[in-house]
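The values are calculated or read from the model by the stated rules, or taken from the named source; none is laboratory data. What you are looking at is a predicted structure, and each value in this text was computed from that prediction instead of being measured. All Cβ positions, glycine included, derive from the backbone under ideal geometry; neighbour counts span all protein chains shown.
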Amino acid sequence: MVAEHTVKAFDVEMGSLRGLIAEMGGLAELAIGESIDALVKGSDELAQGVIARDKKIDALEAQVDQLAVQIIALRAPVADDLREVIAALKIAGILERIGDYAKNIAKRSARIENRKVFEPITLIPAMGELAAEMVRDVLTAYAARDAASASEVIERDAKVDAFYDSIFRNMVSFMMENPSTITSAAHLLFVARNIERIGDHATNIAEQVYYAATAKYHDDRLERPEN
Amino acid sequence: MRGGMAPWFSLVLAALAVLLLWLGGVSLWLVLAAMVLVGGSLVALWWWMGDQPPPEDTIRAVPEELRQARQQAEKGVLNAIDATVEAFSLPVVVFERGRILSANAAARAALGEHITGQDPRVALRHPEAVALLEGADDQEASVTLRDLTSKGSLWQLTRRPLGPDRWAVEMRDRSAEADISRAHTDFVANASHELRTPLASVIGYVETLFEAKKPLDEAITKRFLGTVLREAKRMQALVSDLMSLSQLEAEKHDVPTERIELGALAARVVGEFAPVAGEKPRVEFTRPEAMLAVTGDAKQLEQLLRNLIDNALKYGDDDKNVTVALVEGPRGTVQIDVTDRGAGIAPDHLPHLTRRFYRTDESRSRAAGGTGLGLAIVKHVVERHRGRLDIASELGVGTTVSVRLPRLSA
């Protein structure tokens, strides 16, 4: 555990900052899972739930911003405390984006027709699971301040990217064979794209966790392959 | 010092002041009146102070002891809570607003070693769990959550008040129950689908033999029976693979505990692939000097390696060797790489390889006698051992399957 500070109130504030991030993370995780469920099952109820809950994520982000600014202004944190606060600020922003992607997936779920006969839809859950697992593990790494498992999450992004490429090709050939499904397929392509972005954002969080824990940038940040 | 000072001392001071004033030419009566007022007030002050609570140094001494005693008592309570929750095998977390006071070993194993002293939301971030924690009152409440610790897990959380502003959350793992029923339905679906094809051909051939009006030509009979035998063997392999898969599913939440030296285990499995006399060996095995131990299930790890080597032999070129390399992986892991040299696998297929019954080339897999379950079993074994599976392949060069398992420090 991190050493306690002389001013007890500071510990309390840092604790609740971490708590807020965790709460946001929990909401984002659930949003990913439920939006993909909604997509596969065609459940409008689930989709509406995801869309409604996104407001809560936005509200929490504002709370994190406020608390982080207050801590910086009143407590003037240094060293690992400062890194932690800055990382929290950035992670909150990233989690908010992840929530938006999930919301977008939920919104698209209503526009996909004929999902029973629409074969490519079976590929999406497996990809979504990979991305959701990255988000889950990176949040656990954040809670544990575990740089090693953060780097491990970064390595996993390649798998999600490979999945995206595979789905992309699959979808294009499906569209050529069944031109009547192009609208739905296009939406599904965007869904795959969103999931791919969620994976990228999980990587970004992992970089922040790594930085907060070690005070060094992860190698991946320095030599990222051109896309 | 104060004790030695009589009230009369203040009268002497007052008299002195009067003398000075009189010498200065002030009227004697006025001066005397001033003396009475000053002296009186000083005596009154002395009396009043005598009635006050004891002086400052004693004021501080008592609460300091009190505070320490209170701290001690608080610490004692916390220690008692620690000791009590530690005695439970169910995960138990004791928290107050904004802070986890205590978490027992089972809870730390499920949620992470870091959770004590953290905000409760850091340990349980699922929105419904957060609602359970934040909405804590003096009522008991319970909630059942999916995917709390890992994908597919199912936990029932029950919150009970422990005292003013202090609660305990008890966690009951329902994953196994949920999994067994799901594994069961999956098993039935998969098995019926995959068994239908060989069963249909067995029935077809046997029917032909049985209903023939006159005995068939011996060569044809032999060929038919050969097909029946092959298909039956395939069904047998399929059934045994499905059984091990559903077995794995059922116990995937129990972390294996056996200590295993991977070098010896791998050498043993590679030994099984020793060539029959006259053929040259196709499996090369390299291992480091150091002992590489993991916690695991020996049978399952053997099966994992057997499946991987089997695949490599099947899908690699017949005249090229398969290498099995045991190396020290990064970040405290042990890595096993199984590499074949052959056609390789197109990148499009890579993400799907571990799905049940996924085959990149249906006819080729069937010809080689594959069940379509080998890599699914490998994936399950790796997951149960908290490891990772990676498959890298280059078309025309070959495929490397890497398994990383957390290393057991000696």
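Figures for the structure shown
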| read-out | value |
| --- | --- |
| Pairs, first more than 14 Å from every other protein chain (Cβ to nearest Cβ) in region A:44-62, second of a type in the set (K, R) and buried (at least 20 other Cβ atoms within 10 Å of the Cβ), C-beta under 7 Å, six or more apart | A:I51/A:K103 |
| Near pairs, Cβ below 7 angstrom, 6+ apart or cross-chain, from region B:168-186 (at pLDDT 70 or above) to any residue that is part of a helix (DSSP H, G or I) | B:M171/B:A107; B:M171/B:A110 |
| Output for region A:95-123, where each listed residue is of a type in the set (V, I, T), more than 12 Å from every other protein chain (Cβ to nearest Cβ) and more than 23 Å from A:A213 (Cβ to Cβ) | A:I105, A:I112, A:V117, A:I121 |
| Residue that is nearest to the other protein chains (Cβ to nearest Cβ) [pool: residues in region B:84-113 that are of a type in the set (A, V, I, L, M) and in a loop (DSSP other than H, G, I, E, B)] | B:L90 |
| Candidate set from region A:151-191 (those that are within 11 Å of chain B (Cβ to nearest Cβ) and small (G, A, S)); member that is surrounded by the fewest Cβ atoms within 10 Å (Cβ to Cβ) | A:S173 |
| From A:V85, A:V78, A:V40, A:V69, residue being crowded, with 21+ Cβ neighbours inside 10 Å and among the β-branched types (V, I, T) | A:V85 |
| Index of the failed condition, B:Q139 passing every other in (1) within 13 Å of chain A (Cβ to nearest Cβ); (2) assigned to a loop (DSSP other than H, G, I, E, B) | (1) |
| Residues (more than 8 Å from chain A (Cβ to nearest Cβ), in contact with a helix residue (DSSP H, G or I) (Cβ under 9 Å, 6 or more places away or on another chain) and either in contact (Cβ under 8 Å) with a residue 24 or more places away in the chain or buried (at least 22 other Cβ atoms within 10 Å of the Cβ) (or both)) located in region B:125-135 | B:L133 |
| All positions within region B:323-347 that are β-branched (V, I, T) and within 14 Å of B:A267 (Cα to Cα) | B:T323, B:V324, B:V327, B:I336, B:V338 |
| In region B:342-374, residue surrounded by the most Cβ atoms within 10 Å (Cβ to Cβ) [restricted to those that are within 14 Å of chain A (Cβ to nearest Cβ) and touching a residue at least 60 places away in the same chain (Cβ under 8 Å)] | B:R356 |
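Rundown of residues vs (1) at pLDDT 85 or above; (2) among the hydrophobic types (A, V, I, L, M, F, W, C); (3) touching a Lys or Arg at 6+ places or on another chain (Cβ under 9 Å), yes/no style:
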site	(1), (2), (3)
A:N178	no, no, no
A:T181	no, no, no
A:L188	yes, yes, yes
A:N194	yes, no, yes
A:A202	yes, yes, yes
A:I205	yes, yes, yes
A:Y211	yes, no, yes
A:D220	no, no, no
A:R224	no, no, no
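Residue-by-condition table, conditions (1) part of a helix (DSSP H, G or I); (2) modelled with pLDDT of 85 or more; (3) among the aliphatic types (A, V, I, L, M); (4) in contact with a Gly (Cβ under 9 Å, 6 or more places away or on another chain):
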| site | (1), (2), (3), (4) |
| --- | --- |
| A:A3 | no, no, yes, no |
| A:G25 | yes, yes, no, no |
| A:A68 | yes, yes, yes, no |
| A:L74 | yes, yes, yes, no |
| A:L89 | yes, yes, yes, no |
| A:L95 | yes, yes, yes, yes |
